[in-house]
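Chemist: Provided herewith is a single structure, encoded as structure tokens, for subsequent inquiry.
Bear in mind these aren't lab numbers, they're just calculated from the coordinates by the rules spelled out. Keep in mind the model is a prediction, meaning the values are calculated, not measured. As a convention, Cβ positions derive from the backbone with ideal geometry for all residues, glycine included, and neighbour counts pool all protein chains shown.
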Amino acid sequence: ESQRKPLIRKNHRSSSDRLKHNSTSHKKETKTSSKRVGFNNNNNSNNNNSNNSRNHQRNGNSNNHHRSKSNGNGSVSDHSLDSSSAAPPALSMRKKNSKRPWFSSSSSFSKTNNNSNGRSYHNANTNAATTRTSPSGVQYRSATSTARALEELKRKKLEAQEKRRAVFILGALFVVAVGVHFAGGSWTALLGIGGAGAGGGSDASGLRGSRDKVYGDTKDLGYGGERSGAASGGGASGSSGSNAAAADEYEYKIPPPVEKEYDAEHEFLLPLKHFADVSDTNRPSDTSYFFHVPRAGGATVKAVIGKCLKLVQSSEVGVRDGHGSDPQLSVLDVFESKYVNVDTTTIPGIQRAVDLGLAESALADVVVSSYLHESAALFDLKHQGRAFIVLRDPIERATSMYWHRIKEVGDLDTSVTIEDYAQGNGIENNWMCRFLTNRMTGELTKDDLEQAKTILKEKFLVGFLDDLEESMYRVMKYNGWEFSEDETEQMQEEDCIRDLASEEGGSNKGDYEYEIPKRGSQAHALISWQTQFDAKLVTYAKDLFISQTKEWGTKERKKMLKKEKKKKAGGR
């Protein structure tokens, strides 16, 4: 509402009359303002009567004033001839008390006020797109804002409907996908893709389990020994041939193996390319390879494989009693264990095994040898080797070798002391680094040590003699070997491993006792110098053993490792 200014009459009233008139108007206006607080229709009517009375007195001589017309917004402004006159107190009081609550609709203020003073306030038809304003400054919602609110509600309703429709479509697609998946499996079974062809049903079911392990449908990865039937107690030579053929058929249901390529920095790995990497998927046609480090628990590991797990091995035992000249491969029972009639612990025996196709025959579950690079000829792209190794402290291993040659082999004279032996009279110089890198002569360098570390990391599952039970459980998991399904036989197999892995039951333990040279002694210093690269390799292998725990370790070892990490973190 525009600021009202007093109407001044020329030569009509004296100053005293004007003062009296202003005082009377002030009292009336105060009375009207106090009544307006009620916000009811009676107050509005009183207010209009008061305004009409006052305007009637003021407009006695309307010719002495100049009144401007309504502007574009519908408001009217009065301009007095004397602009220096101040607004009376009644009008300032009226403006202070002119607040109104927000009414959703009111017809009393929407009409044009056609009083005798000729003023007109907001006209509803002047601007329909904006809110309307009452004479006291209160704004009212227009019809267009209500329409916009309805439009917004309609839009939100449509969006909710679209969301429900999208959720329904996604659910329908999921149901269709699941149906197609199971329907595809049933069609595969009906077409005979999951079978072993013309072979027996028992072989087919066994190989289906093997295929599932390769795909990762079960917790145990890899092949569980079905090729020879030894793990399940079956005969080794009866079903191995048909199983091997079916294994080749099943293997390529997964992505086929790819020939490995190496850059110039890793060319030393090229001769070992047909040994699977530790990170590679275990395939049914892969054969486990035990890299036997002398005097590092090899005899105990072979006893666990043969006696406890009843798996078929290829080692020096298979050629006893003249079987080294057999024209074809076969599996023999020797001392409650099973062996293929080839000797893979010697270079001529490895060549014979290559000629007879040992890896392709799938008769051996484990190939045992100390000649890593020569054994690589046994395997090819379709029949790869999966290598594991058991390590021992180099000082302990060298001392054990000395007494083994003195007491058992007899090729070392008893007059040779361990100090003489360590000075070069028969001691092995960094055996593990040399046999891993195939550097049999000359001085070893740091580059050779780094190559040995890389070979160990890429190609070997690592175990330790002083932690043999845990190591053998890792080897089983790595190769997919399983305990017997019968609970009694399973307990016997577990007890067998526990007894052999203990210090008292170890197969490599001799009938004689000896002492390990103490740190600071001459013998200890000489042996340390002869095995300095092997010592660094074993230190690296210990860290590798811990890192492999995450994937191949037992549950108990994983829990223990977590506790140790928490203690170290708390100590910091």
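Chemist: For a Förster distance of 60 Å, can you work out the FRET efficiency between the beta-carbons of residue 181 and residue 429, rounded to the nearest 0.05?
Modeler: With a Förster radius of 60 Å, E is 0.50.
Chemist: Among 420-426, 444-450, what's the highest-first ranking by average C-beta atoms within 10 angstrom per residue?
Modeler: On the way: 420-426: 17.1, 444-450: 14.4.
By packing density, highest mean first, the sequence is 420-426, 444-450.
Chemist: Let's test the formula: R0 of 60 Å, r as the Cβ-Cβ distance of residue 373 and residue 148. What FRET efficiency results, to the nearest 0.05?
Modeler: The computed FRET efficiency comes out at 0.10.
Chemist: To the nearest 20 debye, what is the magnitude of the charge dipole of the stretch 471-572 about its Cα centre, counting +1 on the Cβ of each Lys and Arg and -1 on the Cβ of each Asp and Glu? Don't skip to the end; give the middle numbers.
Modeler: Values: 20 positive and 19 negative charges, 311 e Å.
Charge dipole, the stretch 471-572, about its Cα centre: 1500 debye, nearest 20.
Chemist: For the stretch 349-479, what is Rg from Cα atoms divided by 2.2 N^0.38 Å, rounded to two decimals? Write down the numbers at each step before the final one.
Modeler: On the way: Rg = 17.3 Å, N = 131, 2.2 N^0.38 = 14.0 Å.
Against the compact-globule rule of thumb, the ratio is 1.23.
Chemist: Taking Rh as the Kirkwood radius computed over C-alpha pairs, what is the Stokes-Einstein D of the stretch 422-484 at 25 °C in a medium of viscosity 0.890 mPa s, expressed in µm² per second?
Modeler: 175 µm²/s
Chemist: For the stretch 519-567, run through the chymotrypsin sites (Phe, Trp or Tyr not before Pro) and keep only the ones in DSSP coil with at most 10 other Cβ atoms within 10 Å of their Cβ.
Modeler: Working: sites: 529, 533, 540, 545, 552; in loops: none.
Here no loop site has a sparse enough neighbourhood.
Chemist: Using only the alpha-carbon atoms of the stretch 401-441 as identical scatterers, what base-10 log of I(q)/I(0) does the Debye formula give at q = 0.21, 0.22, 0.31 Å⁻¹?
Modeler: -0.69, -0.73, -0.98
Chemist: With respect to the cross-link table entries 302/453; 310/565; 477/518; 310/382; 518/566, which display a Cα-Cα separation exceeding 29 Å? Spell out each step's value before the answer.
Modeler: Working: 302/453 25 Å; 310/565 37 Å; 477/518 37 Å; 310/382 25 Å; 518/566 34 Å.
Listed pairs above 29 Å: 310/565; 477/518; 518/566.
Chemist: Right, something else. If you take all C-alpha pairs in the stretch 348-408, what percent of them are over 19 Å apart?
Modeler: Distances greater than 19 Å cover 46 percent of the Cα pairs.
Chemist: Let me ask something else. What is the extension gain from residue 267 to residue 443, computed as 0.36 nm multiplied by their sequence separation minus the C-alpha to C-alpha distance, in nm to one decimal?
Modeler: 61.3 nm
Chemist: Would you please give the residues with an amide H less than 5 Å from that of residue 338, counting only those at least 5 places away or on a separate chain, with H modeled from the backbone geometry?
Modeler: For residue 338, whose amide H was placed from the backbone, the distant partners under 5 Å are 313.
Chemist: For residue 391, which sequence-distant residues (separation of 5 or more, or a different chain) have an amide H within less than 5 Å of its own amide H, given hydrogens modelled in the peptide plane?
Modeler: Here the answer is 463, 464, 465, since their amide H atoms fall under 5 Å of that of residue 391.
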